[in-house]
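Input: a single structure, listed below in structure tokens.
The values are calculated or read from the model by the stated rules, or taken from the named source; none is laboratory data. Computed from a predicted structure; not experimentally measured. Every residue, glycine among them, receives a Cβ derived from its backbone with ideal geometry; neighbour counts consider all protein chains shown. Calculation scope for accessible area: heavy atoms of the full protein, side chains included, ligands and nucleic acids excluded. Shrake-Rupley method; radii C 1.70, N 1.55, O 1.52, S 1.80 Å.
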Amino acid sequence: MKVCVIGSGGREHALAWRLSISPSVTKVYAVPGSAAMSGCAELVGIDWKQTEHLIQFLKDNQVDLVVIGPEAPLVAGLSDSLCSAGIPVFGPSKAAAQLEGSKVFAKELMKRYDIPTAAYGVFSDVESAKSFIDDTGAPIVVKADGLAAGKGVVVAMTVDEAYAAVEDMLSGNRFGEAGHTVVIEEFMVGEEASLLAFVDGETVVPMIASQDHKRIFDGDKGPNTGGMGTYAPAPVLTDELRDEAMRTILNPVVKALADEGMPYVGCLYAGLMITDEGPKVVEFNARFGDPETQVVLPLLDSDLGEIMMSCAKGTLKAEEVRWKQSSAACVILASKGYPETSSKGDVIKGDIEPYDTTIVFHSGTKLVDHQYVTDGGRVLGVVGLGKDLQTALDRAYGRIEHISFDGMQYRKDIGAKAFK
Ligand code: AMP
Ligand code: GLY
């Protein structure tokens with residue numbers, strides 16, 4: 001079958017790479033993709049926002065399945081437009097993608113169906129938000145309702161910080177429309193894990209659990225980022241806890257959406273906090289995680305194209321999804337100034353070809369005069385694979401010794417929590 005991946009980041013590079021080695025897949029297109037993805041996909045210079053143009057391309061080239069990578073096209077309803085044109089899509093409808101697009105929608109759904117998550121309030125005026133903060137006390141978490149590129153969450157350790165966050169979002173217009181309503185949440189204590197699942201509208205099949213590292217600095221210090229590294233499997237989510245999360249969180253939310261007339265098709269990402277009372281939802285995403293995808297997909301031992309097509313057709317079976325008995329680790333190399341700013345145009349030196357035991361996925365690079373240069377905050381995701389996590393980490397960090405660019409920064413402690 002012919003598959004088209006929408007997007008151009010590290011997650012999409014991993015998706016295109018994994019699809020390109022799936023026996024059922026004869027051709028991968030990437031819209032628009034990145035220069036680095038040309039090794040595994042044919043790049044198509046169309047903007048997904050030009051939906052008519054995109055549909056014409058997909059029809060002219062008899063594309064069998066579209067895989068939507070990022071949240072923006074999902075929340076904008078690209079999946080609906082393609083489905084209406086008769087093109088099978090892996091990625092939820094606009095209605096179902098509200099699970100990520102609106103934190104208020106997600107929290108209210110969880111409340112209606114008793115899905116474990118932090119207690120919360122919803123506010124659009126500063127005074128009532130502050131009075132809720134006074135009543136709850138710190139630490140407390142303030143979240144912009146809408147999409148804010150992973151930056152709309154403030155974990156406030158003091159009441160003053162929470163006040164400032166609320167003022168920033170509600171009166172300061174910090175995230176524009178996305179921040180005109182805020183969710184204020186109870187602070188949950190525990191270790192985090194990312195549990196992604198394949199979903200066909202009804203059947204939910206979990207992937208291998210992974211763990212992201214959201215803060216910029218070692219020891220989980222400094223501001224939040226899009227994710228500085230991941231590893232899988234993550235031992236914090238034992239088989240028992242995964243089964244519990246499936247029973248109390250993923251299965252019920254997929255059933256709730258179906259019951260409310262917005263069946264979920266695609267990858268459902270549950271960001272979990274493993275608390276003393278069991279797994280609770282930190283957030284849902286309506287897509288694969290970045291950089292979770294870079295460690296989860298190399299461990300898949302079955303045909304990704306077939307699995308995704310089964311999701312699109314509503315015929316997914318748990319037996320279709322098998323995993324390798326090995327580990328993967330991904331270390332993100334970020335550019336100077338990230339996450340506040342990012343540096344563009346720094347020449348990347350070293351060998352970034354893929355090998356059997358290491359793969360370099362490109363998150364933000366550009367080819368200029370036959371040389372890759374930085375082109376965003378997160379630049380490369382260096383993945384090591386191995387029989388166990390230590391081997392995978394050694395391979396990833398070993399590979400990084402041969403890569404450099406001006407201002408390159410990365411965490412040295414990816415995976416450390418797994419050995420505690
Ligand atoms: P989010 O974008 O919702 O995943 O939030 C970003 C990060 O903020 C999460 O990965 C957590 O580390 C932290 N966080 C979000 N909500 C909570 C919460 N209710 N309690 C504790 N930490 C949280
Ligand atoms: N790695 C976090 C995310 O994809 O949202």
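Residues of region 207-221 that are surrounded by fewer than 22 Cβ atoms within 10 Å (Cβ to Cβ) and either of a type in the set (Asp, Glu) or not in a loop (DSSP other than H, G, I, E, B) (or both): Arg215, Ile216, Phe217, Asp218, Asp220, Lys221. All conditions in (1) within 14 Å of ligand 1 (Cβ to nearest atom); (2) touching a residue at least 40 places away in the same chain (Cβ under 8 Å); (3) among the acidic types (Asp, Glu) hold for Asp218, with the sole exception of (1).
Within region 321-336, being open to solvent by 50 Å² or more (accessible area, probe 1.4 Å) and either part of a loop (DSSP other than H, G, I, E, B) or farther than 27 Å from Lys27 by Cβ (or both) holds for Arg322, Lys324, Gln325, Lys336.
Conditions tested, residue by residue: (1) more than 12 Å from ligand 1 (Cβ to nearest atom); (2) of a type in the set (S, T, N, Q); (3) open to solvent by less than 60 Å² (accessible area, probe 1.4 Å).
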| residue | (1), (2), (3) |
| --- | --- |
| Ala149 | no, no, no |
| Val155 | no, no, yes |
| Gly172 | yes, no, yes |
| Glu177 | yes, no, no |
| Ile184 | no, no, yes |
| Gly190 | no, no, yes |
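The set of residues in region 102-121 being part of a helix (DSSP H, G or I) and either modelled with pLDDT of 95 or more or closer than 27 Å to Asp64 by Cα (or both) consists of Phe105, Ala106, Lys107, Glu108, Leu109, Met110, Lys111, Arg112. Has region 212-231 got at least one residue that is within 16 Å of ligand 2 (Cβ to nearest atom), among the aliphatic types (A, V, I, L, M) and in contact with a strand residue (DSSP E or B) (Cβ under 7 Å, 6 or more places away or on another chain)? For region 212-231, residues within 16 Å of ligand 2 (Cβ to nearest atom), among the aliphatic types (A, V, I, L, M) and in contact with a strand residue (DSSP E or B) (Cβ under 7 Å, 6 or more places away or on another chain): present.
Here is a yes/no grid of residues against (1) in contact with a Pro (Cβ under 8 Å, 6 or more places away or on another chain); (2) within 21 Å of Met188 (Cα to Cα):
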residue	(1), (2)
Ala138	no, yes
Val141	no, yes
Asp145	no, yes
Ala148	no, no
Gly152	no, yes
Ala156	yes, yes
Ser171	no, no
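A single entry from Lys107, Lys94 fulfils the requirement of being under 21 Å from Phe187 (Cα atoms) and either touching a residue at least 60 places away in the same chain (Cβ under 8 Å) or more than 16 Å from ligand 2 (Cβ to nearest atom) (or both): Lys107.
Has region 372-389 got at least one residue that is in a helix (DSSP H, G or I), within 18 Å of Lys324 (Cβ to Cβ) and either open to solvent by less than 10 Å² (accessible area, probe 1.4 Å) or touching a helix residue (DSSP H, G or I) at 6+ places or on another chain (Cβ under 7 Å) (or both)? Within region 372-389 (the criterion being in a helix (DSSP H, G or I), within 18 Å of Lys324 (Cβ to Cβ) and either open to solvent by less than 10 Å² (accessible area, probe 1.4 Å) or touching a helix residue (DSSP H, G or I) at 6+ places or on another chain (Cβ under 7 Å) (or both)), the answer is yes, since at least one residue qualifies.
When Asp301 is tested against (1) within 23 Å of Phe288 (Cβ to Cβ); (2) in contact (Cβ under 8 Å) with a residue 24 or more places away in the chain, only condition (2) is not met.
The set of residues from region 322-350 being in contact with a helix residue (DSSP H, G or I) (Cβ under 6 Å, 6 or more places away or on another chain) and in contact (Cβ under 8 Å) with a residue 60 or more places away in the chain comprises Trp323, Ser327, Ala328, Ala329, Cys330, Val331.
Restricting region 248-305 to residues that are at positive phi and over 18 Å from the mean Cα position of the chain (by Cα), the residue that is farthest from ligand 2 (Cβ to nearest atom) is Gly261. Checking the stated criteria, Ala178 turns out to be within 24 Å of Ala96 (Cα to Cα), within 16 Å of ligand 2 (Cβ to nearest atom) and assigned to a helix (DSSP H, G or I).
State all residues of region 149-175 that are among the basic types (Lys, Arg) and within 16 Å of ligand 2 (Cβ to nearest atom); if no residue qualifies, say none. Correct list: Lys151 only.
Within region 96-144, take every residue that is more than 16 Å from ligand 1 (Cβ to nearest atom) and either under 27 Å from the mean Cα position of the chain (by Cα) or open to solvent by less than 20 Å² (accessible area, probe 1.4 Å) (or both) and give me the one that is nearest to Glu12 (Cα to Cα). Looking at residues that are more than 16 Å from ligand 1 (Cβ to nearest atom) and either under 27 Å from the mean Cα position of the chain (by Cα) or open to solvent by less than 20 Å² (accessible area, probe 1.4 Å) (or both), I get Ala96. Taking the conditions exactly as written (out of contact with any His (no Cβ under 6 Å at 6 or more places or on another chain), within 15 Å of ligand 1 (Cβ to nearest atom) and open to solvent by less than 10 Å² (accessible area, probe 1.4 Å)), does Ala162 satisfy them or not? So Ala162 fits the description; yes. One residue alone among Pro339, Pro354 is modelled with pLDDT under 95 and either surrounded by 24 or more Cβ atoms within 10 Å (Cβ to Cβ) or within 16 Å of ligand 2 (Cβ to nearest atom) (or both), and that residue is Pro339.
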